[in-house]
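J.: Right, I'll just put the structure down here and ask away after.
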Amino acid sequence: MHPILTWTAADGTPHQAAWRSLAGHPAPERLLLADDRLGADAALRAVESGTGLLWQGDYLNARHLLQAMSRRLEARLQRPGAQPAGQGPAEAFARHRALQGERARLLGRLLLRLDADHQLGLPRAPDVADAAREAHGPVDGPWITSLRELLGLIGAHEWRKKGVPVPALGRKALVHPHYGVFSPVRGEYVQLVAEAPLPAIVHGAGAFDIGTGTGVLAAVLAQRKLRVTATDNQPAALACAAENLAQLKLDKRVTLLQADLFPPGHAGLIVCNPPWVPATPASPLESAVYDPDSRMLRGFLAGLAAHLSRGGEGWLILSDLAEHLGLRSRAELLGWIEAGGLCVIDRIDTKPVHPKSRDAGDPLAIARAQELTSLWRLGHRPKG
Ligand SMILES: C[S@@+](CC[C@H](N)C(=O)[O-])C[C@H]1O[C@@H](n2cnc3c(N)ncnc32)[C@H](O)[C@@H]1O
């Protein structure tokens, strides 16, 4: 159910609209009407007291206000003494996440109203109907969301339209991520799956892709002439994978299935690229990266041996970012592999290419400079 927000317009007419936040932000405690006259300092004071600012002015001015509020919050963090000294990477990461969450909460209180046709009706507002419909589907009345979240929907819509190049699938091949589905923008790991040597038995035994997302790894395996069963526990991911596989003309070789981890049966190759940071996601959108207690990773390693045909291989794609952040140790990972009745056949490493971070104090940026992504080739541990 979407909470209903009410307010009175300047001419005294009462209004109401449903609160919608795909990022899972709670509805504001109260609403204040705001327009082009509002400055960033006053806006920050209002949102810090739990008030949502419902924008009535020019759309581009709302964007400028959001940027100004963001700059002020950033400046507070840069003040001398704002960053405690002597923290280990895990504490610094936890603090960084908490500050990011607080920032998202405050900036997420600059709000816009859309009508039932997903139109903004503000001066200089773009047409956001397709972006909003892709993420929210049809709605039955006016609704309110944050400008920040709406900008995210617009960005996701542009990525979906334009597509993400996947050179491993061909020179002009594109994958179109849907809203909220993990996007293979950092494509190095896809290349690893395209190039790693296939186990000899795989052509008879078929392959599984666990947590298929956009379907990109299932597509790579299908292009390597394998029959693939691909699972995901998110219906949105399966719909996205179905569209991508059809557009790449690889859908005949791939069966999609909603499942918690493995489909029934065995396969000669089982590939999985689980979320790689053991931390609580701040919103459902982050759950492809953050996974509390490495649930998917541990589930994959615990169940792999039972689903692998004799002579088959499990390919685990995993970044070691969590190790650099002090959130998981290499010994823990090797322990889970051993406890799963598995052995490491080989490990193929690649260095992810990151956009340069502007924030030298960001513990993620420091850890990313050292990060490696690996394809772990796992097999049944020999008995005895
Ligand atoms: C990091 S993304 C990888 C997506 C895709 N395989 C890729 O490499 O681009 C992890 C995916 O696993 C899915 N997932 C998470 N937990 C799952 C589970 N228990 N069973 C099946 N899929 C799961 C998520 O929905 C997400 O699509």
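J.: Using every Cα-Cα pair within the chain, state what percent have a distance larger than 27 Å.
T.: Pairs farther apart than 27 Å: 56 percent.
J.: May I pose another question? Roughly how many Å² of Tyr179 are accessible to a 1.4 Å probe, to the nearest 10?
T.: 50
J.: From the residues Pro281, Leu269, Ala302, which one has its Cα farthest along the dipole of the stretch 163-380 in the positive direction, the dipole being from +1 and -1 charges on Cβ of Lys/Arg and Asp/Glu about the Cα centre?
T.: Projecting each Cα onto the dipole axis, the largest value belongs to Leu269.
J.: Work out the length of the dipole vector of the stretch 14-74 about its Cα centre, built from +1 on the beta-carbon of each Lys and Arg and -1 on the beta-carbon of each Asp and Glu, and round it to the nearest 20 debye.
T.: Its charge dipole is roughly 80 debye.
J.: Does the stretch 213-330 come out rounded, prolate or oblate, given a ≥ b ≥ c as the square roots of the eigenvalues of its C-alpha gyration tensor, rounded meaning a/c under 1.5 and, failing that, prolate meaning a/b above b/c?
T.: Oblate shape, in that a/c is at least 1.5 and b/c is the bigger or equal ratio.
J.: Sticking with this one: In percent, what relative contact order does the stretch 273-330 have, based on Cα pairs under 8 Å that are 6 or more apart in sequence?
T.: Normalised by residue count, the contact order of the stretch 273-330 is 37 percent.
J.: Same structure again: Could you pull out every residue, at least 5 positions away or on a different chain, whose amide H is within less than 5 Å of the one on Asp346? Hs are placed 1.01 Å off N in the peptide plane, and Pro or chain starts have none.
T.: Residues meeting the criterion, in which the H sits 1.01 Å from N, are Arg377.
J.: If you take the Cα Rg of the stretch 4-159 and divide it by 2.2 N^0.38 Å, with N the number of residues, what do you get?
T.: This ratio for the stretch 4-159 stands at 1.12.
J.: Count the lysine pairs in the chain whose Cα atoms lie under 16 Å apart, taking only pairs 8 or more positions apart in sequence or on different chains.
T.: Eligible lysine pairs with Cα atoms under 16 Å apart amount to 5.
J.: In Å and from the alpha-carbon atoms only, list the Rg and Dmax of the stretch 1-68.
T.: 12.5, 34
J.: Which net charge results when you count Lys and Arg as +1 and Asp and Glu as -1 among the other residues whose beta-carbon is under 11 Å from that of Leu5?
T.: Around Leu5, the surrounding residues sum to +2.
J.: Between Val344 and Thr8, what length comes free when the chain is fully extended (0.36 nm per residue of separation minus the Cα-Cα distance, one decimal in nm)? Before the final figure, lay out the partial values.
T.: Working: separation 336, 0.36 × 336 = 120.96 nm, distance 6.47 nm.
Between Val344 and Thr8, full extension yields an extra 114.5 nm.
J.: Pop out the Kirkwood hydrodynamic radius of the stretch 163-380 from its pairwise C-alpha distances, inverse of mean 1/r, in Å to one decimal.
T.: 17.4
J.: Let me ask something additional. Working with all protein chains in place, sort Val220, Val344 by solvent-accessible area computed with a 1.4 Å probe, largest first. Mind dumping the intermediate values first?
T.: Values: Val220 5, Val344 65 Å².
Greatest to least solvent exposure: Val344, Val220.
J.: OK, next. Compute the FRET efficiency between Gln56 and Ala116 as 1/(1 + (r/R0)^6), taking r as their Cβ-Cβ distance and R0 = 25 Å, and round to the nearest 0.05.
T.: 0.85
J.: Sticking with this structure for a sec: Only helices at least 15 Å long along their axis, Cα-based, and averaging -0.5 or more on Kyte-Doolittle count here, so list those DSSP H runs from the chain.
T.: Values: long enough: 59-78 (29 Å, -0.55); 89-107 (26 Å, -0.55); 147-162 (22 Å, -0.45); 235-247 (18 Å, 0.68); 295-307 (18 Å, 0.65).
What comes out of the filter, once short or polar helices are dropped, is 147-162, 235-247, 295-307.
J.: Going by a ≥ b ≥ c, the root eigenvalues of the Cα gyration tensor, does the stretch 222-274 fall in the rounded group (a/c under 1.5), the prolate group (a/b larger than b/c) or the oblate group? If you can, show how the numbers build up before the last one.
T.: Working: a/c = 1.92, a/b = 1.08, b/c = 1.78.
It is oblate, given that a/c is not under 1.5 and a/b is not larger than b/c.
J.: Return one quarter of the surface area of the convex hull spanned by the alpha-carbon atoms of the stretch 266-327, equal to its mean projected area, in nm².
T.: The directionally averaged projection comes out at 4.5 nm².
J.: While we're looking at this one, here's another question. Which FRET efficiency value, to the nearest 0.05, do you get for Ile201 and Arg71 by plugging their Cβ-Cβ distance into 1/(1 + (r/R0)^6) with R0 = 56 Å?
T.: 0.45
J.: Taking the dipole about the Cα centre of the chain, with the C-beta of Lys and Arg at +1 and of Asp and Glu at -1, give me whichever of Ala116, Trp19, Phe93 is farthest to the positive side.
T.: Most positive-ward Cα: Phe93.
J.: In debye, nearest 20, what is the charge dipole magnitude of the chain about its Cα centre with +1 on Lys and Arg Cβ and -1 on Asp and Glu Cβ, if you could check? The partial results should precede the final answer.
T.: Values: 43 positive and 38 negative charges, 169 e Å.
Using only the charged Cβ atoms, the result is roughly 820 debye.
The values are calculated or read from the model by the stated rules, or taken from the named source; none is laboratory data. Since this is a predicted model, take the numbers as computed values, not measurements. As a convention, Cβ positions derive from the backbone with ideal geometry for all residues, glycine included, and neighbour counts pool all protein chains shown. All accessible areas refer to the heavy atoms of the entire protein, side chains included, with ligands and DNA or RNA removed. Shrake-Rupley method; radii C 1.70, N 1.55, O 1.52, S 1.80 Å.
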